[in-house]
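Visitor: I have a structure I would like to understand better, so I am pasting it below and will then ask my questions one at a time.
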Ligand code: SF4
């Protein structure tokens, strides 16, 4: 059947620490950490989220941290508390670097060092840019950022002269338009010129609004011809990751992207007691902690499991993606995360990827692309969509009482 579009529910722009967004459970503040955070500072951030918000914290699909349940009085206090912590936060233009620190032995170059230079150059440029514009710096390691969309993406590649950065525009790794390859010491100047080209098209412009010729005109001087990069297997942050010098990091996922501040703080404290010094929020709604030794990895995995985190990439909860829905989101029409937990309990463990998307409304925040099965909340019932998005017109509608029976009926196609 044809994929007709329902009207999405439109809400405000990006919520920031200083400009939180109204949701169903109060104000939501989002912060994009500029790399791994000091583990004690992260525990203090969790304590502040519990004190000033409702205690619910989230890590988004892009790895941003979100704190829910703030109010007009507590939000500024929370913001100033976080600003006083030993945590670097990205400015108005998020520059997202590979989640592991620069001692990732699988990386070709240090993404965080490049990203830090970029942030400084962008701040100094004074450019007025669109609120959702973003830049990615991928060091070329195993925990790559290929699935994330960005206006400008730099990805480390091997060349005859050593590692350099492949520059591409507007999209994820598969869809972005490649411009060429730049030496890392020229990256700041190049990216600033590319951003100035976008800014010249207006304060709401994105890279996709600008003709490639305009970018080539400002970039040609420092770019070498583009190099072909083979598609990579999806990155998986859950599990143990080797660092240089024999150390490891462990990755766990938040159940449907959400956890209580007490549980996050508890995990951070156990990790710190076992030698970990940093925590990083990472794409795929995951959290990385390190450095630890391998044995500590098993101790932490057991502790994280006990606290409700996902410690196995095959966990059925990773097969269901859900937005908060009601009551957390003001636009929600169904309790999406509660339903997601019920659905996950019916699915077998598998690495087969996302099987079901539960969306509180037609906006589809948690998973904008197609899923094998999408359940979307409507005013009266649940819309059922196969191989479409939350915006696709549902094939049919079911009542709440029939929903799990409906999902069981679909188990064969869902699990295929
Ligand atoms: S998709 Fe979910 S989070 Fe997004 S607006 Fe709708 S209910 Fe809210």
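Visitor: For the stretch 317-415, what is the relative contact order in percent, using Cα pairs closer than 8 Å and at least 6 residues apart in sequence?
Guide: Numbers: 210 pairs, mean separation 22.9, N = 99.
Here the relative contact order equals 23 percent.
Visitor: Okay, next question. How would you classify the stretch 70-226 from its alpha-carbon gyration tensor, with a ≥ b ≥ c the square roots of the eigenvalues: rounded for a/c under 1.5, else prolate if a/b is greater than b/c, otherwise oblate? Can you show the working numbers first?
Guide: Numbers: a/c = 2.02, a/b = 1.30, b/c = 1.55.
Oblate, because a/c is 1.5 or more while a/b does not exceed b/c.
Visitor: Here is a follow-up. Can you sort 346, 175 from fewest to most other Cβ atoms within 10 Å of each residue's own Cβ?
Guide: Working: 346 15, 175 9.
The most exposed by this proxy come first: 175, 346.
Visitor: Which one, 63, 290, 353, has the greatest fluctuation when you compute a Gaussian network model over the chain with C-alpha springs under 10 angstrom?
Guide: The residue that fluctuates most here is 353.
Visitor: Same structure again: Under 10 Å, Cα contacts only: if you run a Gaussian network model on the chain, which one of 57, 21, 295 comes out with the highest mean-square fluctuation?
Guide: 295
Visitor: Moving on to the next point. Order the peptides 32-45, 125-138 from the highest to the lowest mean number of other Cβ atoms within 10 Å of their residues. Intermediate results must be reported in sequence, preceding the final value.
Guide: On the way: 32-45: 21.7, 125-138: 19.4.
Per-residue Cβ counts within 10 Å, averaged per peptide and sorted highest first, yield 32-45, 125-138.
Visitor: Still on this structure, I have one more. Ratio of the stretch 223-382's C-alpha Rg to 2.2 N^0.38 Å, to two decimals?
Guide: In units of the globular-protein estimate, the stretch 223-382 measures up at 1.18.
Visitor: Below 8 Å between Cα atoms, with a sequence gap of 6+, how large is the relative contact order for the chain in percent?
Guide: Details: 944 pairs, mean separation 64.5, N = 416.
Computed value for the chain: 16 percent relative contact order.
Visitor: Separate question: If I take R0 = 45 Å and measure r between the Cβ atoms of residue 174 and residue 120 in this structure, what FRET efficiency does the formula 1/(1 + (r/R0)^6) give, to the nearest 0.05?
Guide: Values: r = 30 Å, r/R0 = 0.67.
Calculated value: 0.90.
Visitor: I've got another one for you. Along the Cα→Cβ direction, 7 angstrom out, place labels at residue 397 and residue 351. What is the inter-label distance in nm?
Guide: Each label point is offset 7 Å from its Cα along the Cβ direction, giving 4.1 nm.
Visitor: Most mobile of 372, 101, 225 per a Gaussian network model of the chain (Cα springs, under 10 Å)?
Guide: 225
Visitor: Here's another thing I want to ask about it. Write down the radius of gyration of the stretch 317-415 and its Dmax, each obtained from C-alpha positions, in Å.
Guide: In order Rg, Dmax, the Cα atoms of the stretch 317-415 give 11.8, 34 Å.
Visitor: How much of the calculated P(r) for the chain lies past 42 Å, in percent of all Cα pairs? List each step's numbers first, then the result.
Guide: Values: 9925 of 86320 pairs.
Everything past 42 Å amounts to 11 percent.
Visitor: Grab the beta carbon distance between residue 209 and residue 189, set R0 = 25 Å, and tell me the FRET efficiency rounded to 0.05. Before the final figure, lay out each step's value.
Guide: Details: r = 22 Å, r/R0 = 0.90.
Efficiency, from the Cβ-Cβ distance: 0.65.
Visitor: What is the spin-label model distance, in nm, from residue 226 to residue 273 if the labels are put 7 Å beyond Cα along the C-beta direction?
Guide: In this crude spin-label approximation the distance works out to 5.2 nm.
Visitor: Normalised by the number of residues in the stretch 194-345, what is the relative contact order in percent for Cα pairs under 8 Å and 6+ residues apart?
Guide: 20 percent
Visitor: Same structure, new question: Would you give the gap between the C-alpha center of the stretch 310-389 and the C-alpha center of the stretch 137-197, rounded to a whole Å?
Guide: Taking the Cα centre of the stretch 137-197 as reference, the centre of the stretch 310-389 is 32 Å away.
The numbers here are math on the coordinates, done by the rules we state, and not lab data. Because the structure is a prediction, the values reported are computed rather than measured. Positions of Cβ are backbone-derived with ideal geometry, glycine not excepted, and every protein chain shown enters the neighbour counts.
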